[in-house]
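Written out below as structure tokens is the structure these notes cover.
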Amino acid sequence: MAYFNELMEASLDALDSEIKSLINKELDRQRTHIELIASENFVPRAIMESMGSTLTNKYAEGYPHKKYYGGCEFVETIEEIAIERAKKLFGADHANVQPHSGTTANQAAYFTVMKPGDTLLAMKLDQGGHLSHGHPLNFTSMIYKIASYGVDRETETIDYGEVESLAREHRPKVIVAGASAYPRRIDFARFRAIADEVGAFLMTDMAHIAGLVAGGAHESPVPHSHFVTSTTQKSLRGPRGAFVLCRAEFAKDLDRTVFPGIQGGPLLPAIAGKATCFKLAAEPAFREYAASVVKNASALARGLSELGFRLVSGGTDNHMMLLDLRSRNITGKVAEKVLEEAGITSNKNAIPFDPEKPMVTSGLRLGSAAVTTRGMKEREMGIIAKAIDEVLSSPEDKGVIARVRGRMADLGAAFPLYESM
Ligand code: DSN
């Protein structure tokens, strides 16, 4: 009994100080570094409360009021609230909030309408797409025939003419709009017209821009798409997880595909976090946040351009940008590493027609969602642009790196994060 009580009531620090100390170090890293990874954000503490709650103890396979376990009365209400909020926020007929991740959400949409051997038309990974859009090592390539579109060599924006001619040639069952590394607006109406012409379903993966869509800073794919998939942890600023929206006619099949098709028990702490995330994203303050994310990305892009960096497609319309580092004689791999040493977190990323390998790359992807959450504005974007330029101009100068690291820690301290932790 004593052991039981001790075990159940003990803190993480008391039970496993090794892990607790690493979590503390990660908190310190998040506080002192400038977070520019375009797919990351800082989730409100309230959402972390759900993520670390007793909901983790519960199984709830099935859907609200059709669960395969007893004791689901509270968790199914949470799930219903999450579903209703997602539908309202995005103006969708139906929402499934159970997918554990963006890839799983995409898998659910594909499996709902595609059979093995059907064709999927999506964006190439090395030109902005995602692994689950048909990468040779991904399940999509093992199950489906893949046709891939890219960007125009000159404008570095989506080549809609190519999408159209590939659609006519390959007659895909599903066309995917949406990207992981694409800094420009996506013309969903154009994608839908192409899909309609060849009798394909349009699935939009809005994971990166979901927060901008919710906050009115990017056109919504929902009216144009048969399915819309998304994660919740990126610009939407929610827990790590995903959801799928669809037209009413696909609702039953989609739900069956998610469970029992590809998942078992849903992650209830994440579903509660998603519910709160959708609530917060519907508030006027979130509209301001989404507008600031776009403004800050523009300011960072402008600052970097003025300092001589070439931006893929010449700039950004959303929360992210891709730097082409070739004229700086530095690879994405090295740039990511030295910037990290200087307190700026980003990720190497292929640029369109990149001559370097995927683990090296000529590009760097930067995003403004996380720094905007901290309250930074255009002035701070100017400071960060200068810091990036300083480091990448002297990547081997340890003195420069140390000085910038100190300045970035000061900048972080001026925008406190999780003060009560
Ligand atoms: N890996 C994510 C990103 O960083 O864009 C997408 O899932």
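The values are calculated or read from the model by the stated rules, or taken from the named source; none is laboratory data. Everything quoted here is computed from the prediction, not taken from an experiment. We place every Cβ from the backbone using ideal geometry, glycine too, and count neighbours over all the protein chains shown. Only protein heavy atoms, including side chains, enter the accessible area calculation; ligands, DNA and RNA are left aside. Shrake-Rupley method; radii C 1.70, N 1.55, O 1.52, S 1.80 Å.
Is it the case, given these coordinates, that I351 is in contact with a Gly (Cβ under 8 Å, 6 or more places away or on another chain), part of a loop (DSSP other than H, G, I, E, B), hydrophobic (A, V, I, L, M, F, W, C) and surrounded by 22 or more Cβ atoms within 10 Å (Cβ to Cβ)?
Here the answer is yes, as I351 does meet what is asked.
Considering only residues that are among the aromatic types (F, W, Y) and more than 16 Å from the ligand (Cβ to nearest atom), which ones fall in region 131-171?
Listed by number, the residues that qualify are Y144, Y149, Y160.
Could you look through region 316-332, keep only residues that are under 21 Å from the mean Cα position of the chain (by Cα) and away from the ligand (no atom under 14 Å from the Cβ), and pick out the one that is most open to solvent (accessible area, probe 1.4 Å)?
Step by step, filter region 316-332, then rank; the result is D317.
For region 383-393, what are the residues that are open to solvent by 10 Å² or more (accessible area, probe 1.4 Å), out of contact with any Phe, Trp or Tyr (no Cβ under 9 Å at 6 or more places or on another chain) and of a type outside the set (K, R)?
Of the residues in region 383-393, the ones open to solvent by 10 Å² or more (accessible area, probe 1.4 Å) are 383, 386, 389-390, 393.
After this cut, where a residue has to be out of contact with any Phe, Trp or Tyr (no Cβ under 9 Å at 6 or more places or on another chain) as well, the list is 383, 386, 390, 393.
Selection gives I383, E390, S393.
Being buried (at least 17 other Cβ atoms within 10 Å of the Cβ), out of contact with any Asp or Glu (no Cβ under 8 Å at 6 or more places or on another chain) and not polar (S, T, N, Q) narrows it down to one of E396, E380, so name that one.
E380
Just need a number here: residues in region 5-35 that are out of contact with any helix residue (DSSP H, G or I) (no Cβ under 6 Å at 6 or more places or on another chain), touching a residue at least 40 places away in the same chain (Cβ under 8 Å) and not in a helix (DSSP H, G or I).
Count: 1.
Of all residues in region 81-130, which are away from the ligand (no atom under 16 Å from the Cβ) and in a loop (DSSP other than H, G, I, E, B)?
G91, A92, D93, V97, Q98, M114, K115, P116, G117, D118
Can you name the residue in region 110-132 that is in contact with a helix residue (DSSP H, G or I) (Cβ under 7 Å, 6 or more places away or on another chain) and under 10 Å from S180 (Cα atoms) and, of all such residues, is surrounded by the fewest Cβ atoms within 10 Å (Cβ to Cβ)?
This residue is L131.
Has region 359-375 got at least one residue that is open to solvent by 10 Å² or more (accessible area, probe 1.4 Å), more than 16 Å from the ligand (Cβ to nearest atom), without any contact (Cβ under 8 Å) to a residue 12 or more places away in the chain and charged (D, E, K, R)?
No: region 359-375 contains no residue that is open to solvent by 10 Å² or more (accessible area, probe 1.4 Å), more than 16 Å from the ligand (Cβ to nearest atom), without any contact (Cβ under 8 Å) to a residue 12 or more places away in the chain and charged (D, E, K, R).
Answer yes if at least one residue in region 227-250 is free of Cβ contacts under 8 Å to residues at least 40 places away in the same chain and of a type in the set (A, V, I, L, M, F, W, C), and no otherwise.
no
Based on this model, can you work out whether P183 counts as open to solvent by 10 Å² or more (accessible area, probe 1.4 Å) and part of a loop (DSSP other than H, G, I, E, B)?
No, not satisfied.
Based on what the data block shows, is A38 within 16 Å of the ligand (Cβ to nearest atom), open to solvent by less than 50 Å² (accessible area, probe 1.4 Å) and part of a helix (DSSP H, G or I)? Show your work before the answer.
Working: within 16 Å of the ligand (Cβ to nearest atom): yes; open to solvent by less than 50 Å² (accessible area, probe 1.4 Å): yes; part of a helix (DSSP H, G or I): no.
Here the answer is no, as A38 does not meet what is asked.
Name the residues in region 56-101 that are open to solvent by less than 30 Å² (accessible area, probe 1.4 Å) and more than 28 Å from S220 (Cα to Cα), would you?
A60, G62, C72, V75, E76 - these are the residues of region 56-101 that are open to solvent by less than 30 Å² (accessible area, probe 1.4 Å) and more than 28 Å from S220 (Cα to Cα).
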